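Reviewing the structure listed below.
The values are calculated or read from the model by the stated rules, or taken from the named source; none is laboratory data. Only a predicted model underlies this, so the values are computations on that prediction, with no experimental measurement involved. As a convention, Cβ positions derive from the backbone with ideal geometry for all residues, glycine included, and neighbour counts pool all protein chains shown. Ligands, DNA and RNA are excluded from the accessible area calculation, which covers all protein heavy atoms including side chains. Shrake-Rupley method; radii C 1.70, N 1.55, O 1.52, S 1.80 Å.
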Amino acid sequence: MPSAIPVIKEGMTKFTNCWLVIGDQLVYQDLWVSSITGKIVRSQEAFYSQHAVPDSTIDLGGRIISPGLIDIQLNGAFGFDFSFVPDDVPSYGKRLRQVNKLLIKTGVTSYLPTLTSQPKAVYQQALPFLGPSGASRIAEDGSESLGAHCEGPFLNSTKNGIHKGEVLIQANDFFDLEDCYGSTNINATLDPSDGTVKCPMIKMITAAPEVGRMASLIPEITSRGIIYSIGHTEATYEDASAAIASGAMMITHLFNAMRPLHHRNPGVFGVLGIAESLPRPYFGVIADGVHLHPTSVKIAFNAHPDGFILVTDAMPLVGFPDGVYEWTNGEKIVKSGPQLTLEGTQKIAGSCITLIDCVSNFLNWSGTSIPQALKAVTATPAALLGLRDVKGTLSSDADADLVIISEEVGPEGERILKIDQVWKFGTKVFDKMDEISGF
């Protein structure tokens, strides 16, 4: 008798009876992932060429599989503020690891931990903890940092929002950036264990191009693989255009903390125009119903859909009851429902919304499809970060970071997306049913 064909098992899971988010479409198709490689598997090749069979098959009952969500502006979560470093510095890392394991339950599988404007010592203590964290590819570690986002302190003092004015500084040469953030955090370094080159801890810097000589430093920043984002700025249309020409790729929370659109000078918003000779940048939008009117969100999306990225700009108070809470620099934040303000002022102090709720809001305000809304937290931020084929996609060989989504209808007929399961590197790390049953 001929010998049996060997069956290969590589920690593979097959999802069936499901809709996949592929481009701007929902496609009814199976999906295979491997917990060994942490990648999405070429299912046809695995089945026909390698004679592989899945270790488990999961019938999703018609639910949606989306790439894992990516938040590029997150100031903190679950009571932890990325910009506060305790006297016991090692405890910062311990608390961060705890937050990563909680954050992934919201569907955010990758993110840029964001530091607000702080004294130099805070950056130099915190950034070594906040650099890219996914090299070990351990699913149980939770949400993965793709590098830190430094929102400040090179901001315009007239558009500082809740950023403390006395810590804002100017940069006149690249040494000023190294002196602030730390040379080893803003430059590539060699790993002493194997001699490989490690990318900088910082992945994005938000700065006002018109302050100091920042505009001239943009090429030096971007040459290190760091994204320069225009924000907290009095930049005119001409200033913003010059920044884009120098390599700026991003606008931080469009409309907020910048000159408003004016018919004689469109300001930063003007660089999104389709007739511009320069490449149009990506831009972040906070769809919490507080930072922006829903119509403003729709205008931004329609101006440049392929650059539209939803962000939370969330503070550590997500899930906390209403009240007054301590913030960095000795100030206090007032939480009233979804709104956060600096005590004694009407200044908005970030948000307390989850990323999937931003998606639901945008879905209802814009009338776009579910895939188009999810693109703003998956494929588009991945493209900005240079990870188009690695994150934010269900393509074969991409990281198997997935969220299983169901849709509900709210009391007023609104569409609400819910996270049912989260998978990281091909391993299930959250299941809503397990939480409900207490497992």
Original post:
In terms of Cα to Cα distance under 17 Å, which lysines are near enough to residue 335, apart from those fewer than 8 places away along the same chain?
Top reply: 347
Subject >> For the chain: relative contact order, % (alpha-carbon pairs under 8 angstrom, 6 or more apart) >> reply: 18 percent
**OP:** Give the ranking of 190, 310 by solvent-accessible surface, highest area first, calculated with a 1.4 Å probe.
**Re:** 190, 310
Original post:
residue 203: which aspartates and glutamates have alpha carbons under 12 Å from its alpha carbon, excluding same-chain residues fewer than 8 sequence positions away?
Top reply: 151
Original post:
Can you give the Rg to Rh ratio of the chain, both from alpha-carbon atoms, with Rh computed by the Kirkwood formula?
Top reply: 0.98
**OP:** Go through 356, 319, 382 and say which Cα lies farthest out towards the positive end of the charge dipole of region 308-434; charges sit on Cβ, +1 for Lys and Arg, -1 for Asp and Glu.
**Re:** 382
**OP:** May I ask you to rank 274, 138, 65 by accessible area, largest first, using a 1.4 Å probe over the protein chains only?
**Re:** 274, 138, 65
Original post:
How much accessible area per residue does the chain have, in Å², with a 1.4 Å probe?
Top reply: 42 Å²
Subject >> region 391-439, accessible surface, carbon-and-sulfur percent (1.4 angstrom probe) >> reply: 50 percent
Original post:
Quick one: putting +1 on the C-beta of Lys and Arg, -1 on the C-beta of Asp and Glu, what dipole do you get for region 20-171 around its Cα centre, in Debye to the nearest 20?
Top reply: 240 debye
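For region 194-242, what's the relative contact order in percent, using C-alpha pairs closer than 8 Å and at least 6 residues apart?
44 percent
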Subject >> Computed magnitude of the charge dipole of region 136-217 (debye, nearest 20; Cβ of K, R +1, Cβ of D, E -1) >> reply: 240 debye
**OP:** Would you work out which of 99, 277, 291 lies farthest towards the positive end of the dipole of the chain, given +1 charges on the beta-carbon of Lys and Arg and -1 on that of Asp and Glu, about the Cα centre?
**Re:** 277
**OP:** Would you compute, for the Cα atoms of region 216-311, the largest minus smallest coordinate along each principal axis and list the three values in descending order, in whole Å?
**Re:** 37, 29, 23
**OP:** Determine which lysines satisfy two conditions relative to residue 14: a Cα distance under 24 Å, and not lying fewer than 8 residues away in the same chain.
**Re:** 39, 105, 375, 391, 418, 424, 428, 432
**OP:** Please state the charge dipole magnitude for the chain, taken about the Cα centre, from unit charges on C-beta atoms (+1 on K and R, -1 on D and E), reported in debye and rounded to the nearest 20.
**Re:** 280 debye
**OP:** Please determine, in degrees from 0 to 90 and to the nearest 10, the orientation of helix 237-246 with respect to the longest principal axis defined by the Cα atoms of the chain, where the helix direction is its Cα long axis.
**Re:** 50 degrees
Original post:
For the charge dipole of region 98-238, defined by +1 on Lys and Arg C-beta atoms and -1 on Asp and Glu C-beta atoms about the Cα centroid, which residue among 158, 108, 146 has the Cα displaced farthest towards the positive pole?
Top reply: 108
